[in-house]
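FYI, it's all coordinate maths here, none of it is from the lab. From a predicted model like this one, the values you see are computed outputs, not experimental measurements. With ideal geometry, Cβ positions are generated from the backbone for all residues, glycine too; neighbour counts draw on all protein chains shown.
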């Protein structure tokens, strides 16, 4: 049978999702817990490979197994072997046609940005930080230049393994709730570091280093060197992975202090 899991994790303590021989990654830790619970190795397929420092509220994985366990047993059993930085939120038997990555038609990332002259230690690794106020309207105007299906090579990491740089960015919603700004990015898929590279450009516009139309020039250039530096990973969350209703994948739990008001406005 095929089992899907919903995960949340604190990316600050991991070297990203993908398994590494000597790295502390989410996949390493999860598959180790799966092996301890199931007593056999279980290989996972993930919806989106998050980078080091990037968090997840709605990550989805699947694996195949001959073991017959209840959905609640999978949740409790796997969590018993996981550290406090990662937890399975739900487990569900899905059709063999389900694929955590290829069955998804949309992904949503959220970036939490804290604006204040003084940083807050309690937000370390949880939110990005800028010490000056930002031109939010200018950022919204700049974001509009990116909506649609484009070649996003200017926002692509040099070691990105995606077969094509062409992605369809459906929306960038910017919600100001001082002293926070929440930015929601929805697309069919994302390139490696695409959101963080877009964030770097949006913050540059917000600081009035560039006019809003500069974003269109960066997009058209199709070269990474024309964009702003990659923004910090601290405030980036994989919030939601969307699947066709027939798979019955549960929605993510977004009830956190950093997100509740921003998501309720959607």
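Assorted remarks:
- Inverse of mean 1/r across different Cα pairs in region 50-187, Kirkwood, Å: 18.5
- Under the Debye formula (equal points on every Cα, no solvent term), log10 I(q)/I(0) of the chain at q = 0.15 Å⁻¹: -1.10
- Relative to the longest principal axis of the Cα atoms of the chain, the long axis of helix 194-206 makes an angle of roughly 30 degrees.
- Distance from the Cα centroid of region 229-248 to that of region 44-122 is 10 Å (rounded to whole angstrom).
- In the chain, the longest principal axis of the Cα atoms and the axis of helix 26-38 are about 20 degrees apart.
- Computed over region 167-215, Kirkwood Rh from alpha-carbon pairs, angstrom: 11.9
- Mean projected area in nm² (Cα convex hull; one quarter of hull surface) for region 125-167: 4.9
- Simple label model, 7 Å out from Cα along Cβ direction - residue 170 to residue 247, nm: 1.4
- Modelled spin-label separation between residue 217 and residue 72, with each label point placed 7 Å from Cα along the Cα-to-Cβ direction: 6.1 nm.
- Cα gyration tensor shape of region 106-238, rounded if a/c is under 1.5, else prolate or oblate by comparing a/b with b/c: prolate
- Extension gain, residue 132 to residue 97: 0.36 nm times the residue separation minus the Cα-Cα distance gives 7.7 nm.
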